[in-house]
Structure formats: structure tokens, C-alpha cells
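A.B. asks: Quick one: the structure is below, questions incoming.
Derivation of every value follows stated rules applied to the coordinates shown; laboratory data play no part. These figures come from a predicted structure and were not determined experimentally. Heads up, the Cβs are rebuilt from the backbone with ideal geometry, glycines too, and the neighbour counts pull from every protein chain shown.
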Amino acid sequence: MALKERPKPFLLPEYCKGCGRCLDACAKDCITLSDQINSLTGLVPVELDLTNCNACGLCMDACPEPYGLRPAHEGEIQDFELEDPAKLFGVKPSEAPVPVDLPSEVLPLPRTEPLVIKGTYASAIGALLAGCRHVYGYPITPSTEGAELMAKFLPKLDGTFLQAVSEVAAVNMMYGTAGAGLPTMTFTSSPGFSLMLEGVSYMIGSELPGVFVDIMRGGPGLGNIAPEQSDIKLACHGLGHGNTHAITLAPSTPQEMLDLTMLAFELSFKYRNPVVILGDGYLGQMTGKVQLPEAMIKPGIPKWAVYGDAMHRRNLISSIFLTESDLEAHNVHLNAKYEAMKTEARAESFLCDDAEVVLIACNTPARTTKGAVQDLRHQGIRAGLFRPITLWPFPVEALKAAIHGADRIVVVEASAGQLEDEVRLALSKAGIRSFPELESVRRMGGVLPQQSEIMAQVLGKKEVRA
Amino acid sequence: MSKSSVIYDKFERHSHAEGLKGHATHYCPGCGHGLAHKFLAEAIDNLGIQDRTVAISPVGCSVFLYYYFDVGNSQAAHGRAPVVALGHKFANPESVVISYQGDGDLASIGLAETIATAQLGAPITVVFINNAIYGMTGGQMAPTTLMGQSSSTSPSGRNEYMGQPMKMAEIIAGLDGPIYVERVALYDAKQRIKAKKAIQKAVQLQVEGRGYSFIEVLAECPTHLKMTPEETEKWVKECMEPVYPLGVKKDLTVDPWFKRNPPCFKGEKILSLAGATSEHPVRHCEGFPTHLAPHDISLKLAGSGGDGAQTAAMLIARAAINEGFDATHIPSYGPESRGGTSYADVHVAEDEVLNPGSPDPQVLIAFNAPSLAKFGPAVRKGGTVIYDSSVVSEAPELDPSIKVFPVPFTGIATDLGKAVVKNIVALGALQAATGIFPRETMLTAIRVALKDKCALIPLNEEAFAWGIKSVEALGGN
């Protein structure tokens, strides 16, 4: 039986950078450095004289260029004309198929009695019902119970909970799983969320879905573990570097922790963008009534995913656009998505129709404010609560309607005016120049505004703080 | 060697494949990356896993790995490639995930991710290109830069103030997670053959589900070493290799273990985990206990960690919700897990709890003297205070409109043989003192909470009954 003849090397000078690594590899001295600059590349390619070549192949092994020294297959070389290399090889279509969406399924659930669970648990169960089976996190009070519940439940659902080495690692595990097209989430709290912002920027740039439940706590720095609305500015205007935005949801009850977590996954995939859920420490720890939904989701695989199979082989997850015009076009595209997200603005207006005093609050302070509104009504004061459910996009149309007849606006928050800044920005962008001077009830450091303080502000009394 | 079919026919992503860039890499002449790429592509080809492969491009010179590999591609933030790889691997355990990283990425900014992922041991393959310099940013000192080697940030040579070179292969091999660690080089034909084999083996071990592998490749960077490619090969051999000895650092025989079932999406399984049930609880309330408050009752339970205040609070909330009311419970703990303060704010509302905090409760249950002293004065006029008279010798002066019930929670519980049921004694006392819910409502909540510890139900029922009796002995509500 004749041995199959080994191919000798062949080189298109255009693809040779003249590094000369092949020279050493050739025992027969077939290869020399030329002194002719190639007019197409400006480089000096090597020259082959294959008279003594025994087709050992070592020169091809030494060539760092995939299209550099290659085996000369019969009939291949001779036909080439040395011109534009794109024409030489032609555009061969990849064998990888054109991916299509594998849609998610909606599966009905039997009607059940309400659960009595804490906010973080409600969020975790919401995530499971939204089809999330991949949760990554790093323990941080007061969000940890969410991760703990996932660590307990996910193995029983053949899902994955990984405790990462840091929040930086956790968000990048999310980047991987989201890149594969699957729902993923984390539970964190303010200092941890700060660490994740690098990854959030990458996810936005690479258009990846993912849900971040940030149970906000007192800051800055290590601060404390008590509730504060400390990350409104981060979520609304500081999601890492670049032109970034993400829908930011602000639940105020354990029920909303579940409902808005489920919504977050839906929106996250709809827009291929992260969604942030801002809770406060009280809400995370608070136990309340939670009614489960009537249906759950079995996720599919979107066509853009890099799942690691033939269908998705041609895909790329990346936030790199090296050419300025490409990156500008990408930013224009992202900004168009942010515009489209504005249709997702949500708010609750409680007794605002005839309100003289509109109080604005979200999260747990919104509940306290609701209590205050009711007591003020009992005292004959026409108070109302405007509660933004999306902090970004801010529900400015609903706000306009809520404050329509108001003489006074009071922003109640557990921060130094982060919510008020959102209100002001939203009004300003909506071209509303004339509105009552904003009053405020603010606590910080882990203290939530008390109902008595809110009442006192509205009633014009000085409240002595405990 | 033939161009592997794993390399794109045309580099569409490289400057839109304009001109030469359609078929030439972005690497400098003589760069080791191209060889490592070719060997990796060959391995993927040989193993027949092109469709399953996900390559993670790092930050560094190989950031554009995805220009060349016709596989699923994901580009990671600087240093994060191994954890991005894990995210892909756990999303699809059938995928073959390659984390390809340079020395700045892997051994500096991503060190935590590198070590933690290696120790996790999940089957991924890490190809580590060590060329002793930062290439992409222009020749700065790398964690792997040799002592004395000059770079733009160690212009007079790396000295003791800049630390020692990181020997990653040895570090990784020293961990328990990885199964295969080898350092290879590219400077001559013999080394290239070894490098090819090592890379293929590292990928194969992943394909077989055996574990994590790490291949460190000593590579040439002629541009930043300011040498010809030939000189660089010599430099790697003569200067790098003594510091970074080649060879297998770890090679364990491990049976395939990474087998994961597809995730479960059975609704009933999730409902069962969540403890959800379709059974309607039996209701005993005639209506909202308006004798306590028209729409919303505010309670506070206060004691030390371990008193059971939180459990009792939860049981009140559960009882209320079973009766069709709304309820909330906010726990507040001191910094200590045990023995610190432990307060619980509970609200029970006819329709919706508006304000879940209880700064001025209508009902206070105090498990010790400091709690009674702290919160007793905050109780609203006409409210109710129940405290553990076993541990509180002297009650503070409270508003005369407040009904006060000293009940020996601890004494009764101890007599029953289990001090931990003192919170249930307190619930019995609460029931008798306030009539917040019918007895059966409370007992049902207690029984449901103990459904996995049925043997404890009689004891708890007895404790509850004793709480009631104690209040009745005081003259009742």
C-alpha cells in the first residue's frame, strides 16, 4: 500500500508577516527571508524554495498565522491569482445554521392559598416561577436569605446555585449564563451592587438579560445593614460606565417582590437588558401575604444566545465595537431601546384624584406614607400617595396626573434626596416648569421615615425625632 | 498542518474583513498567540466538538479571539473569563467551554476568579498565555514579568519592590480542584508538538466530564520584548523557562463526574418546595377583631434572641392570613445571632396593612424587663401589655388605661419541660387577654407550623392552654 503523500507547504505572500518562525523549523533550509516588501501588506514575506522539501510539515506547525503556511492540496494553489485575498478564497458561508428563537412556554399553576413569607423569599419564588434556574451570589446582609433559599431549592430542581468568590465574579457568572440565553439572577445589597456595576455595564453593552435584586442598606461605605434607599441614583443613573440604563422596579410589599421579580425576567428578555429590583432592608425581611400566580414560565432559548450547540454556533456575545461609527450606532440602538422601555413606566396613585397634598414615596416608606395618607384623610386633609413602581423609567405621565390639582408635594424617602432628584429630573424632562415647591421628609442611616414625621410635615408641626 | 475548519473561512469580525484582515490575524509578526490559536482550533477539530464549543475571549491581545474561532463566542470583562465560562458551563453542561486568557487577565486582575474557578473544579479548560508582558496596553509590567526585565512600568527592570513573577501553573497545581495542569512552550518544533498535545488533552478531559484543566503556554511577544521573533524564541527558552519550568504539574486520573440533569420545570414541585397548598384553611373568625381596632391592629413582640418572639410573631401573621386578613411581620435583630435583642413588629389588617411598623403598638408582648421598659411607655392608650412575670420582677408605671397581664411564660414552659415553648404560652395569653382571634385559629397556625414535628404538637397545645388559664386567673380580659 502506498503511503499517502504528505503535502508540501504553500504560502500566499499576502498572509505572511515575515516573522521567520518557520525558518528554524525547516531542516532543509527551504525557507528564506526575502528582501522584497509586499506591496499589499507592507511586510516582507518569507520565500519558499521547495526543491529539497520532504513535506515534514514542521514549518506549517511553526507558522502563527491560520492562513499562513498551509498544505498545498492538489489543484488548489495553481489556480490562484495573487490579487485581493478576499476574492481568492471567496466568502464561504459558515456551516452553522441561522438560529431561530426557541420560545418559552407558559405553564398553568393550580390555584393555591396565599403564602406567608418574607420579601426575599417571595422574590426567590418569583424567580423560580419565571423560569430562573441559575442563581449566582455572594452573601451580604440583608439580602442573603434570597440566596439561601435558592441554595436550598435549586438543587432539588436540578438548577444551579453557585456562591461566587465575590460580587464581581457573581455578575460575570450571570453574564455567562445570560449569554447562553437562560434566565439568571442574583441577590445583593448596596456594597455588593456597587461591585457588580462593572458587570452590569458589560451586560447592557452586550445586550444580556439578568435580574438584580438589590436589598438596599445604609451607606456610604460599609454603612450598616439597616434599610436605606441608598442606591436609587446608582440604579437610575449610575449603572457602570457608558450610556447605560435599566428598568428599575421598586416593590413595596412581599407580594410585589414576587410579582415584580417575575415581571423583571419578562422585561429583561423582552429588551435584552438587565432589570434592577430595588428593595429596602425592611421589605427584604418583612413577612407578608403572597399569592402565587396562575402560571409559570419554562424558558426557551433566544436566537441570539451562545448556548453551546450547533444552532447557536455563529453567535457572539460582546460589547466591543472597535470602530467609532460602529460603537456610535450601537449606542444609538441602545438608546432606542431605552426610549422603548419608557412604555413600561408603572405607578400607583392612591387617593390622588382630589388630593391637595401629594406625597411621593416608594418601597417601605410608601407603605408608611399610605398609612399617613389614610390618617390625614381622617383628619379631613385631602392627601394622596404617588408611588412610582418603576424608578427608571420614571412614570412621569402618571405623576403629572397625580399632582394635577395639588398645592403641595412632599417627597418621603430614606435617602438624602435620591428619589427627589428622580422626580425633579422627570418633571424637568417632561417640560413641567411649574409645580409646587418640593417638601421633603428624609431619614438616613438605616432609619425609615415614621408615619408621625410624615403627618407632622403635612400638618406643619415640628416632629421631635426619637 | 492544515487550516482547521474551526477557524472561520473569513474573519468577518476583523475590521469587517476588509482586505487582508479577512484572512490575517491582528497579532504582530511572530506572536505566540497565533500558534496557540491554531493548536486549540486543531484540538476542537480533532475532538469533533466545534458545535458544542464556547470560547471566552478575554481582555488583552487575545480579546479578538472571536474573530477567528468558528464556535460560539463570548467576550468577557478583564479578568472575568473563567467565571463567564462557568456561567456558560452551568447553563449548558453539554457545552465545551474554553477560557483563553493572557497573563494580565489571568494572573493579575482576574486572580480571584482564576483561583476560585480552579478550586471549584468544574470541567472547563483554561488556556493561559504567559508572555511576561502586557501586550495590548503597550508593554507594561505583567505579573509574570521576570526579575530584572524592563517594561514601560519597570523601566529599570523589575526589582524586589515590584514583587516576584507569578508561577501560575504551580499555584493552580497546588489547588485541589484542578485535575490536569501543564506548562508548555512554543519555541521549537518539539515544544510545539507537546503544546498541541497538552491543549488537546485539556479539552478532552472537559469533554469527558472529568474536571478542570489548565495549560500555561510560554509565548513570544517580539514587539514588546523589542526582539526579532527568533531572538524571542531564544529568550523564552533561555530566560523564561528557568523561571517557569515546563512540564506536567498535575495529572490526576478522575472518573467522569460532571453529569447534570436538565432543570425541572414542574409546577407542582415548585409549589411543594414553597409550601403552597390548595387546601382552604378552616376559618373560625366571625369578622375582623374590631374591638381592638377598626381596621388595623399594631403589635410588638420584644425579647432576647432565643425567646421565640419572631416565631410567635410569624404565627400571629399566619393565623391572620389564614382568616383572610392581611398581615405583616418585620423582624429586627441585634447584631448578635443569639442573645441579642429581638423585636418583631406585627400588623393585622382587615384589607391591607398600610404601615407595617409598630412604633406605638396597641399590644406589647415583652419577654424581659428591658423590652418592657423600652416599649411599655410607647403602647397606645387603652392598649394591652403582656409580659413574662417569671423574669420581670418589677413592671414600670404605665398609663392607667393600659391593661397589663403579668404571665409567667418561662415558669410555665419550664414546668412543662421545655423552656422554648414560652412563646406559645405568650400566644395563649395574647388570645385570652385580647381575643384577637378565636383559639382554634391560633391553634391551627401552631399545628401547621409543626406539621413536620407532629410529636411536639401536644406540648405546644398545652403551653397555649396554660397561657390562656394564666390570663383567666388574673381576671381575664
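A.B. asks: Which cross-chain or sequence-distant (5 or more) residues have an amide H under 5 Å from the amide H of A:Thr160, H modelled 1.01 Å from N in plane?
C.D. replies: A:His134, A:Val135
A.B. asks: Also, I was wondering about something else. Rounded, prolate or oblate for chain A? Axes are the square roots of the Cα gyration tensor eigenvalues, ordered a ≥ b ≥ c, and the cut-off for rounded is a/c under 1.5.
C.D. replies: The shape class here is prolate.
A.B. asks: Give me the compactness ratio for chain B, meaning the Cα radius of gyration over 2.2 N^0.38 Å. Walk me through the intermediate numbers first.
C.D. replies: On the way: Rg = 34.7 Å, N = 477, 2.2 N^0.38 = 22.9 Å.
Relative to the rule-of-thumb radius for its length, chain B sits at 1.51.
A.B. asks: Next question. Once you average over the residues of A:149-158, how many Cβ atoms of partner chains fall within 10 Å of each Cβ?
C.D. replies: 3
A.B. asks: When Cβ neighbours within 10 Å are restricted to other protein chains, what is their mean count per residue of peptide B:274-281?
C.D. replies: On the way: counts 14, 7, 12, 4, 4, 2, 1, 2.
Per-residue shielding by partner chains comes out at 6.
A.B. asks: Could you tell me how many degrees, from 0 to 90 and to the nearest 10, lie between the Cα long axis of helix A:190-205 and the main elongation axis, the longest principal axis, of the Cα atoms of chain A?
C.D. replies: Compared with the principal axis, the helix lies near 50 degrees.
A.B. asks: In vacuo Debye scattering of the protein assembly as shown, one point per C-alpha: log10 I(q)/I(0) at q = 0.05, 0.09 Å⁻¹?
C.D. replies: After summing over all Cα pairs, the log10 values are -0.38, -0.96.
A.B. asks: Show which lysines lie in cross-link reach of A:Lys156 when reach means a straight Cα distance below 28 angstrom and same-chain residues fewer than eight apart are skipped.
C.D. replies: A:Lys118, A:Lys289, A:Lys298, B:Lys89, B:Lys259, B:Lys266, B:Lys269, B:Lys451, B:Lys453
A.B. asks: For segment A:43-60, just list the computed ³J(HN,Hα) in residue order, Karplus coefficients 6.51, -1.76 and 1.60, θ = phi - 60°, integers in Hz, with x standing in for Gly and Pro.
C.D. replies: Here the 3J(HN,Hα) series is 9, 10, x, 6, 10, 10, 10, 8, 3, 9, 5, 9, 6, 5, x, 5, 5, 5 Hz.
A.B. asks: May I pose another question? Taking neighbour counts of Cβ atoms within 10 Å as a proxy for exposure, in what order, fewest first, do A:Lys28, A:Lys370, B:Lys234, B:Lys451 appear? Spell out each step's value before the answer.
C.D. replies: On the way: A:Lys28 13, A:Lys370 26, B:Lys234 16, B:Lys451 9.
Result, fewest neighbours first: B:Lys451, A:Lys28, B:Lys234, A:Lys370.
A.B. asks: So, one more: Roughly how tilted is helix B:422-434, in degrees to the nearest 10 and between 0 and 90, from the longest Cα axis of chain B?
C.D. replies: Approximately 50 degrees, to the nearest ten.
A.B. asks: Another question, then. So what J values fall out for segment A:382-396 if you push phi through Karplus, 6.51 cos²θ - 1.76 cosθ + 1.60 with θ = phi - 60°, rounded to Hz, Gly and Pro as x?
C.D. replies: 7, 9, x, 10, 10, 10, x, 8, 9, 8, 9, x, 6, x, 6
A.B. asks: Further question: Where does each of B:Asp326, B:Asp9, B:Asp251 land when they are ranked from fewest to most other beta-carbon atoms within 10 angstrom?
C.D. replies: Details: B:Asp326 22, B:Asp9 18, B:Asp251 15.
Starting with the residue having the fewest Cβ neighbours, the order is B:Asp251, B:Asp9, B:Asp326.
A.B. asks: Here's another thing I want to ask about it. Can you tell me the 0 to 90 degree angle between the C-alpha axis of helix B:309-322 and the longest principal axis of chain B, rounded to 10?
C.D. replies: For helix B:309-322, the angle is close to 80 degrees.
A.B. asks: Among the listed pairs A:Lys270/A:Lys303; B:Lys300/B:Lys403; B:Lys10/B:Lys226, which are separated by more than 22 Å between their Cα atoms?
C.D. replies: With Cα atoms farther than 22 Å apart: B:Lys10/B:Lys226.
A.B. asks: Which ordering of A:Ile403, A:Ile317 is given by a fewest-first count of other beta-carbon atoms within 10 Å?
C.D. replies: Numbers: A:Ile403 23, A:Ile317 29.
Ordered by Cβ neighbours within 10 Å, fewest first: A:Ile403, A:Ile317.
A.B. asks: Whole-Hz Karplus ³J(HN,Hα) for segment B:294-308, in order, using 6.51 cos²θ - 1.76 cosθ + 1.60 and θ = phi - 60°, x for Gly and Pro?
C.D. replies: Whole-Hz 3J(HN,Hα) from phi for segment B:294-308: x, 9, 8, 9, 10, 10, 9, 10, 9, x, 9, x, x, 6, x.
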